[in-house]
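The values are calculated or read from the model by the stated rules, or taken from the named source; none is laboratory data. These numbers were taken from a predicted model, which means no experiment stands behind them. Reconstructed Cβ throughout: ideal geometry from the backbone, glycine too, with neighbour counts over all protein chains shown. We work out accessible area using only protein heavy atoms, side chains counted, and drop any ligands, DNA or RNA first. Shrake-Rupley method; radii C 1.70, N 1.55, O 1.52, S 1.80 Å.
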Amino acid sequence: MTANIMVVVERQFDESQKRLFRAWTEPAEMAQWRGSPGWHVESETVTSELKLGGRHHHVKVRDDDPAVRVTTDAVFVEYFDPDVFVARQRITGDDGIDPDIPLELRVEFLRTGREGTLVRIIQGPYDETVAYEHSTGWERELTRLQDFLSVGGAP
């Protein structure tokens, strides 16, 4: 495997930066929407020290086979609430990701208009054989985030 591709996904939301940043970083909120359809985050596994150098941990579980688990352990290497966070990640349990090659996840919250926010996700490096799959996964997760916010996910 040659991990050399960065995935970039963007989505415009009619929410404030602060609201979106909180949905991404607060463990109780993140656990309600993270994971592509067919997956969920075990809420009791989510821990996050919301600061520069803080650690983050969560486990995603496949709904139809709970034995399939993907674990993310990360450290925040940048943390500017509500503008951006960057986490250096170690992901285990995903066949398409080498757990010995750290990933970087950068999530930007760019104000557009009065209350609009563009969320930009940059993650990698991925091997080209799995980059598209992970890009599609982020698109699906952002749809779940939009659904979470539209039904009044914790304000």
Q) If one puts a single equal scatterer on every Cα of segment 43-88 and applies the Debye formula without solvent, what log₁₀ I(q)/I(0) results at q = 0.19, 0.24, 0.26, 0.33 Å⁻¹? A) -0.63, -0.81, -0.87, -1.12
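Once you order the gyration tensor axes a ≥ b ≥ c over the Cα atoms, which shape class does segment 106-150 get: rounded for a/c under 1.5, otherwise prolate or oblate by comparing a/b with b/c?
Details: a/c = 3.96, a/b = 1.71, b/c = 2.31.
The shape class here is oblate.
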Q.
As a test of the formula, what do you get for the chain when each DSSP H run with n ≥ 4 contributes -39,500 (n - 2.57) and the sum is divided by the residue count, at 222 nm and rounded to the nearest 500 deg cm²/dmol?
A. -8000 deg cm²/dmol
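Report, in debye and to the nearest 20, how large the dipole of the chain comes out about its Cα centre when Lys and Arg carry +1 and Asp and Glu carry -1 on their Cβ.
Details: 18 positive and 28 negative charges, 109 e Å.
With Lys and Arg at +1 and Asp and Glu at -1, about 520 debye.
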Q: Using only protein heavy atoms and a 1.4 Å probe, report how much of Thr136 is accessible, in Å² to the nearest 10.
A: 30 Å²
Q) Which of the listed residues, Val84, Gly124, Leu142, is farthest toward the dipole's positive end in segment 55-155, when Lys, Arg count +1 and Asp, Glu count -1 at the beta-carbon? A) Val84
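For the full complex of protein chains and a 1.4 angstrom probe, list Asp81, Asp127, Asp14 by accessible area with the highest value first.
Details: Asp81 100, Asp127 15, Asp14 135 Å².
Accessible-area ranking of Asp81, Asp127, Asp14, largest first: Asp14, Asp81, Asp127.
Counting Lys and Arg as +1 and Asp and Glu as -1, each charge on the Cβ, what is the dipole of segment 54-124 about the Cα centre in debye, to the nearest 20?
Values: 10 positive and 14 negative charges, 53 e Å.
Result for segment 54-124 is approximately 260 debye, rounded to the nearest 20.
Note down the relative contact order for segment 69-155 as a percent, whole number, built from C-alpha pairs under 8 angstrom at least six residues apart. Can you show the working numbers first?
Numbers: 112 pairs, mean separation 15.5, N = 87.
RCO, segment 69-155: 18 percent.
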Q: Would you mind computing, in nm to one decimal, how far apart the modelled labels at Thr47 and Arg88 are, each placed 7 Å from Cα along Cα→Cβ?
A: 1.9 nm
Q: On the protein heavy atoms, probe 1.4 angstrom, tell me the percent of accessible surface of segment 28-155 carried by carbon and sulfur.
A: 49 percent
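Ranked by accessible surface with a 1.4 Å probe, highest first, in what order do Asp64, Asp73 come? Present the calculation step by step, with values, prior to reporting the outcome.
On the way: Asp64 130, Asp73 65 Å².
Largest to smallest exposure gives the sequence Asp64, Asp73.
Give the shape of the chain as rounded, prolate or oblate, defined through the alpha-carbon gyration tensor: a ≥ b ≥ c are the square roots of its eigenvalues, a/c under 1.5 means rounded, and otherwise the shape is prolate if a/b is larger than b/c and oblate if not.
On the way: a/c = 1.45, a/b = 1.30, b/c = 1.11.
Judged from the Cα gyration tensor, the chain comes out rounded (a/c under 1.5).
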**Q.** Degrees, to the nearest 10: 128-150 long Cα axis against longest axis of the chain
**A.** 30 degrees
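Going by accessible area, probe 1.4 Å, with all protein chains left in place, what is the ranking of Met6, Met30, largest first?
Numbers: Met6 95, Met30 5 Å².
Sorted descending by solvent-accessible area, the residues read Met6, Met30.
Given an 8 Å cut-off on Cα distances and at least 6 residues of separation, report the relative contact order of the chain as a percent. Intermediate values should be presented prior to the final figure.
Working: 328 pairs, mean separation 46.8, N = 155.
Taking the mean separation of contacting Cα pairs over the length of the chain, I get 30 percent.
What accessible area per residue, rounded to a whole number of Å², is obtained for the chain using a probe radius of 1.4 Å?
Each residue of the chain exposes 52 Å² on average to a 1.4 Å probe.
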